[in-house]
1. How about region 5-18: which of its residues are more than 8 Å from the chain's Cα centre (by Cα) and open to solvent by less than 90 Å² (accessible area, probe 1.4 Å)?
2. What number of residues in region 29-51 are closer than 13 Å to Gln9 by Cβ and surrounded by 11 or more Cβ atoms within 10 Å (Cβ to Cβ)?
3. Tell me, please, whether a residue that is touching a helix residue (DSSP H, G or I) at 6+ places or on another chain (Cβ under 9 Å) and among the small types (Gly, Ala, Ser) can be found in region 20-42.
4. Taking region 19-28 only, how many residues are modelled with pLDDT under 90 and either surrounded by 14 or more Cβ atoms within 10 Å (Cβ to Cβ) or on the phi > 0 side of the Ramachandran plot (or both)?
Amino acid sequence: MSARGPVLQMDDGGIYALDLDRAATDLVGQRVTVEGVRSRFDRIDVEWLGPADRRS
């Protein structure tokens, strides 16, 4: 989480801002799976977000 909203920090050091329809505070600090569309250089329009160990 950043001052501007949720971010995804990649293992390789990359960081993406996430555009979400819901709050994701329950997933802060966890490994996650993100499905969506890269809408700008550093932004993802999220369609689905959840824990990395399961997919709903």
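The values are calculated or read from the model by the stated rules, or taken from the named source; none is laboratory data. As the structure is a prediction and not an experimental result, all values here were calculated from the model. In this analysis, Cβ positions are derived from the backbone assuming ideal geometry, glycine residues included, and neighbour counts consider all displayed protein chains. Just so you know, the surface numbers come from the protein's heavy atoms only, side chains and all, with ligands and any DNA or RNA stripped out. Shrake-Rupley method; radii C 1.70, N 1.55, O 1.52, S 1.80 Å.
1. Gly5, Met10, Gly13, Gly14 - these are the residues of region 5-18 that are more than 8 Å from the chain's Cα centre (by Cα) and open to solvent by less than 90 Å² (accessible area, probe 1.4 Å).
2. Start the filter on region 29-51 by keeping residues that are closer than 13 Å to Gln9 by Cβ, which leaves 29-32, 34, 42, 44.
Add one more test, that the residue is surrounded by 11 or more Cβ atoms within 10 Å (Cβ to Cβ), and what stays is 30, 32, 34, 42, 44.
Qualifying residue count, region 29-51: 5.
3. No, there is no match, as no residue in region 20-42 is touching a helix residue (DSSP H, G or I) at 6+ places or on another chain (Cβ under 9 Å) and among the small types (Gly, Ala, Ser).
4. Residues that pass the stated criteria total 1.
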